[in-house]
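Heads up: the structure comes next, in structure tokens.
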Ligand code: HEC
């Protein structure tokens with residue numbers, strides 16, 4: 001076959017192809033972005049805004065006895081299911097509910113008037129695939145600093161890690177019960 005430079009001109013690769021190539025090359029990469037999924041930046045705000053009202057620290061408001069603001073709560077086995085199965089988004093009930101075809105099963109419930117976008121769901125899946133840790137991404141911090149920060153934040157429930165500037169319309173409630181557990185692995 002003759003390669004004729006005058007007629008066959010190399011064209012820039014479509015952006016989608018470039019992104020796809022980047023994704024397959026980097027296991028910690030995320031769909032639609034070049035930066036790794038970060039729990040605190042990408043996942044926690046979504047869960048806090050759209051899930052914690054019913055699956056958060058307030059035991060009285062909690063639905064289905066499911067707590068998603070702690071790693072322990074999210075990974076607890078319930079009737080053979082777990083909301084979060086680290087490393088396995090397809091087995092994680094929270095992903096199934098976020099994508100559920102039946103609107104009466106989909107989370108968050110329609111009556112909450114809130115939705116989670118396809119892009120946000122894709123990030124949640126990527127986060128779960130990467131282990132579903134309830135902590136910041138420590139990979140880029142020196143080990144010593146990482147250990148110090150772990151000591152400060154590693155045992156706190158997600159709400160506290162998010163920072164005092166955020167509230168979840170749970171005024172007056174104890175956001176940080178001593179029973180809450182969290183892990184970053
Ligand atoms: C307005 C309250 C409300 C909000 C907000 C809400 N949920 Fe739910 N959730 C419920 C109720 C009620 C149930 C139990 C009924 C059912 O299974 O559909 C439930 C059930 C679930 C279950 C199934 C639990 C099991 O073991 O079967 C999962 C998983 C879940 N929610 C995930 C989420 C996620 C993820 C979010 C945020 C994106 C969310 N929910 C937001 C009310 C809520």
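Derivation of every value follows stated rules applied to the coordinates shown; laboratory data play no part. In this text the structure is predicted, and so the values were computed from the model without any measurement. Cβ placement follows ideal geometry from the backbone for every residue including glycine, while neighbour counts extend to all protein chains displayed.
Can you tell me what percent of all Cα-Cα pairs in segment 47-110 are more than 14 Å apart? Counting pairs separated by more than 14 Å, the tail of P(r) holds 56 percent. Placing a label point 7 Å from the Cα of residue 101 along the Cα-to-Cβ direction, the residues of segment 67-92 with a backbone N closer than 19 Å are 90-92.
Between residue 112 and residue 38, the contour length at 0.36 nm per residue exceeds the Cα-Cα span by 24.1 nm. A simple spin-label model places pseudo-atoms 7 Å from Cα toward Cβ; at residue 88 and residue 60 they are separated by 3.8 nm.
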